[in-house]
Amino acid sequence: MIPMPAKKKVPTKATAPKSVTKPAVVKKEKEEDGEQKSGKTFDLLRGFRDILSDDQGRWNLIRDTVRSMAEAYSFDRIELPILERSELFNRTIGKGTDIVEKEMYTFTDPSNRSVSLRPEATASAARAYISHGMLDRPQPVKMWYTGPMFRHDRPQAGRYRQFYQAGFESFGVNEPIVDAQLIVIGYQILRELGLDVKVQINSIGTTECRQAYLAELVAYFRQHRNKLSDEDKRRLQKNPLRILDSKEEVTRELLEGAPQILDWLDDKSKEHFMKVLEFLEEVEVPFVLNPYLVRGLDYYTHTVFEFVLADDEGAKAQVALGGGGRYDGLVELLGGRPETPGCGFALGIERISRALEAKGINPPERPQPQVFFAQLGDAARRIGLQLFEDFRQAKIPVAEAFGKNALKAQLDVANKLGVQFTLILGQKEVLDETIIIRDMESGAQEIVDVKKVVGLVKKKLRHEEGVDPIMQSPVEVA
Ligand code: HAM
């Protein structure tokens, strides 16, 4: 046998770094993505963004709403790794899908393994369910997560290459009520955020009934093959179900006469789906049956759904704020116990944030300070440092302008911020161990003992607003 050279590893087929896109596409993407401009500063990669404080108020609102919903419905938080073995996604999302074919950030790590930045987290959740023996826990095992996902897709409004999801997964129970409850959770999160949404829903049955349907679908489209775009021809050959999702006008027209998957469901699948719909009717979640909804991941079985804005209804390309479905074969596909059911969904945080912005919903990132600290000189700054900590412990946010020295300049900032009180600490006050509290509206000033200032300001804020500055709720009058 000829020994292989030990040092330079030749990537085998299994470990070869998969190029992100095909050569022709790579060239086009390169032109569009542009090279790094010469100079010392760096551009963001296309499709990647910094999420600045302008957006953080909305993001906090979304995350808080998701979290309180997860807690109310007893989902446990799980942190999943961002990097996984590529095979995890290849096997579950499916080789013929856009995500696996074109959109994964795949590379060979220093240990010569093919790894990928996660394009989604359901496969990782299923892996975690298996690897931590969660099968032995009371079922369903319910988990939720939030974090960045990566897809090298064509960036456009609401579509990024790094985007954030909040997801819910439920393993171990195949009852239709699980599907319905997950839909209710997603719907209620969006409602609570102030968005008017509808659920698009379909059933794609089991792998078996889908096979019979697919044969029929392919036969139908073969008759019209010459009318199809190259992309749709390719879909027909590689992943025919995805043709239902085509955006091509001709294909959409042809779809009207195409066989519909609901007619091919076996009795059990039909019954499952009908029950899900009945539950949704019961809790008055508005849904629209969409026989073309198939979703871009291969692991789904039975129920599939998406959340769309109600006023987007009828729009050519509806933007999904979230989507999900049942995946009864996923755990088995990953080597777990056969017939372990599962169901879940994920919401797209950027898309929800955009929808909130369009509605003018823009909560502040953090409570606006009602108190400003103005200092004159180093000794005052030193005392100020401790005062900030005392106010923090009393949960009263305080603003400052340490870059400015003159009192007038500092008061200008305080005015701009619209605070109610400014605390002024000059050299005299430092010597006397006092501090001035200035009411910014009336201009009245009061000199008080610096040790008592936190308590006094707290009391004043309460009285001025009739609101507890800490709890942000009306003060109860005994
Ligand atoms: P997905 O439909 O691929 O499903 O993604 C869920 C949501 O993530 C989408 O509805 C959308 O709001 C957001 N999203 C997807 N791609 C992008 C992008 N490029 N830019 C911005 N937002 C995006 C899944 O990922 C499944 N894992 C969901 C699931 C969980 N199914 C069962 N459990």
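Worth pointing out:
- Rounded to the nearest Hz, the phi-derived 3J(HN,Hα) couplings of the range 191-201 under the Karplus curve 6.51 cos²θ - 1.76 cosθ + 1.60 (θ = phi - 60°) are 5, 4, 6, x, 9, 8, 10, 10, 9, 8, 9, where x marks glycine and proline.
- Evaluated at q = 0.09, 0.10, 0.11, 0.14 Å⁻¹, the base-10 log of the normalised Debye intensity for the chain, with identical point scatterers placed on the Cα atoms, takes the values -0.77, -0.88, -0.98, -1.33.
- Gln211-Ser53 FRET efficiency (beta carbon distance; Förster radius 41 Å; 0.05 resolution): 0.20
- For Glu365, distant residues with modelled amide H under 5 Å away: Gly57
- Share of pairwise Cα separations in the range 159-217, more than 20 Å, in percent: 51 percent
- Near Ser353, once Lys and Arg are set to +1 and Asp and Glu to -1 for all other residues with Cβ below 9 Å from its Cβ, the sum equals 0.
- Surface composition of the range 88-227: carbon plus sulfur atoms hold 47% of the accessible area, using a 1.4 angstrom probe and ignoring ligands, DNA and RNA.
- Between helix 53-72 and the chain: long-axis angle, C-alpha atoms, 0 to 90°, nearest 10: 70 degrees
- Per residue, the accessible area of the range 371-476 comes to 60 Å² when a 1.4 Å probe rolls over the protein heavy atoms.
- A simple rule links phi to the HN-Hα coupling: the Karplus curve 6.51 cos²θ - 1.76 cosθ + 1.60 with θ = phi - 60°, which for the range 397-405 gives x, 10, 9, 8, 9, 4, x, 10, 9 Hz, with x for Gly and Pro.
- Its relative contact order, with pairs defined as Cα atoms under 8 Å and 6+ residues apart, puts the chain at 14 percent.
- Between Leu83 and Arg154, the FRET efficiency from the beta-carbon distance, with R0 = 22 Å, is close to 0.40.
- Whether the range 292-355 is rounded, prolate or oblate, judged on the alpha carbon gyration tensor where a/c under 1.5 counts as rounded: prolate
- R0 of 41 Å, Cβ-Cβ distance Ile177-Lys238: FRET efficiency to nearest 0.05: 0.70
- Calculated from backbone phi, Karplus (6.51, -1.76, 1.60) coupling profile of the range 225-233 in Hz, x at Gly/Pro: 3, 5, 8, 7, 6, 4, 4, 5, 4
- Prolate/oblate/rounded call for the range 412-462, Cα gyration tensor, a/c under 1.5 rounded: oblate
- The lysine pair count for the range 371-476, using Cα distances under 15 Å and pairs eight or more places apart or on different chains, is 7.
- Whole-percent carbon and sulfur share, accessible surface of the range 371-476, 1.4 Å: 52 percent
- Taken along the Cα-to-beta-carbon direction at a fixed 7 Å, the label points for Lys102 and Glu249 span 2.1 nm.
- Once the chain from Leu456 to Gln139 is taken as fully extended at 0.36 nm per residue, the excess over their C-alpha distance is 108.8 nm.
- In the range 255-392, the inverse of the mean reciprocal separation of distinct Cα atoms equals 20.1 Å; this is its Kirkwood hydrodynamic radius.
- Rounded if a/c under 1.5, otherwise prolate or oblate - the range 221-311, Cα gyration tensor axes: prolate
- Each other residue within a Cβ distance under 13 Å of Thr340 adds +1 if Lys or Arg and -1 if Asp or Glu, for a net charge of -1.
- In nm, spacing of pseudo-spin labels at Tyr220 and Leu45 (7 Å Cα→C-beta vector): 4.0 nm
- Candidate cross-link partners of Lys238 among the aspartates and glutamates, defined by an alpha-carbon separation under 14 Å and a same-chain spacing of 8 or more, comprise Asp98, Glu101, Asp230, Asp298.
- Loop-located trypsin sites (Lys or Arg not before Pro) in the range 287-360 (DSSP state not H, G, I, E or B) with no more than 16 neighbouring Cβ atoms inside 10 Å: Lys316, Lys359.
- Extension gain from Lys359 to Ser229, taking 0.36 nm per residue of separation minus the Cα-Cα distance: 43.1 nm
- Spatial extent of the range 371-476: Rg and Dmax, with the Cα atoms as the point set, Å: 13.2, 41
- Between Glu433 and His132, the modelled label-to-label distance comes to 5.3 nm, taking each label 7 Å out from Cα in the direction of the beta carbon.
The values are calculated or read from the model by the stated rules, or taken from the named source; none is laboratory data. Everything numeric in this text was worked out from a predicted model, so none of it was measured. A quick note on method: Cβ atoms are made from the backbone with ideal geometry, for glycine too, and the neighbour counts reach across all protein chains shown. Side chains are part of the model used for accessible areas, which takes the heavy atoms of the whole protein and leaves out ligands, DNA and RNA. Shrake-Rupley method; radii C 1.70, N 1.55, O 1.52, S 1.80 Å.
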